[in-house]
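What follows draws every value from the coordinates through simple rules; no lab data is involved. Source: prediction; values computed, not measured. Reconstructed Cβ throughout: ideal geometry from the backbone, glycine too, with neighbour counts over all protein chains shown.
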Amino acid sequence: MRREWAGAGALLTGRVKALPRILAHDLWTTAIDPPPRSKRPGLHDWLPALLVPLVVCTVPIATFSINTLVWQYGMDHWDAVVLGGIQSVALIAALYRPVPAWWAVTAVMTVVALTARFGAVDAPLPWTGPGIVVQAGVLLLMALRLRPRIAVEALGLSILVSLACAPHGFVAPTADTRVAVAVLTTAVVVGAALRGRQVARTELVAQEERTAEERNRRTLLEERNRIARELHDVVAHHMSVISIQAQVAPHLVENPSDELKENLAGIRENAVDALTELRRVLGVLRSEDTLSADARHTPQPTLDRLPELLANVRGAGLRVTTDLTGTPRPIPPGVDLSAFRIVQESLSNAMRHAPGTAVRVGIGYGTNCVTVRITNSAPDEPVPPPRHIGHGLLGMRERTAMLAGDFTNGPTPEGGYEIVAILPLEEPV
């Protein structure tokens, strides 16, 4: 128990010793510490707009302060002009340098309390009426521009100095002093609350942006894994064909040489090894795949199954027409699969985001490419935009980029939506 008390006492003693250094660091500087800004306009973006009303208020505040110092506190006219001017200018300077402005108004309060000569009219001490307003304004701006700890330190020192300057302040503070302390405390609390709200809102916006970026990144990885799983079947087919042809080739030649047998055996061995590694990688990608075994081993679709796909969506109520240009011919399996998936995803998006519209599916066979164009008409009623990014457009873009093609999407002049993917048939050199 004694050790605990000794430890607590040592900790308290250390903090008391460090207090002067902390106060000097916090209250002997011209720097400001605004809260982090978000992309949306915040409190500190509107602070410069206060400059004009503060400048406009400077003249009446200075006039009222000078008259108060002269007639209530019996000060010399020129002294009152200097002190009243310092108070007014400090309120403007607090927008950009709140700590020096606080020192200025605190010094004016001390000078007035120590040098005032009272007349017939009772005058509150240690602050004048305008002095309370200016001091509260400076503390409010300090709480907005600096960390709450600095504003609280300035408030505490202001109260201590005011009680030290007021007659019998520590023993029996006057009602005017209690009102002034309440006003200054309220100003600091309001400023700290506004600053805290700004900080919290900025952090919330930043967190939402990070969450959205992470969601987009995760969606992209999921879509790439799905594309890799689908393309595995295409690549595995070709590797299997290479392995079988390399095994059968020696039997198609009379008296094949040993060199030919050795080369073909090497080709088959490499194809089998590559196929094994490909299946191992796919096993990692499919470790969390929820598809059934039958679905996993189903052949990947091609454009030959496009009539079946269109029949299914027509049965779901979507009006679809087709436009075929060029001469259909065999195309690389990867291009064939990607073209089918782009049509499939586009029709799904049309049913989800533009129900009741008419959709036109165009397939164009060119010399060096296949063009896929899906266009839907304007919906009868406006459809709210989706809250989160989906896999559809992202997957179509990824498939097109994988084939070194061009992908565009966007609204049409008639109010509909169009997706165009140009898929090269040969890898660019």
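Computed over neighbours whose Cβ is under 12 Å from that of V138, the net charge equals +2, Lys and Arg +1, Asp and Glu -1. Highest mean first, the peptides 137-148, 412-423, 303-314 sorted by other C-beta atoms within 10 Å per residue fall in the order 137-148, 412-423, 303-314. For the listed peptides 207-216, 392-401, a ranking on the average number of other beta carbons within 10 Å per residue, highest first, reads 392-401, 207-216.
Averaged over residues, the count of other Cβ atoms within 10 Å places the peptides 87-99, 176-188 in the sequence 87-99, 176-188, highest first. Sparsely packed loop sites in region 334-385 (the trypsin sites (Lys or Arg not before Pro) outside DSSP H, G, I, E and B with at most 13 other Cβ atoms within 10 Å) do not occur.
Region 188-221 and region 63-121 have Cα centres separated by 42 Å.
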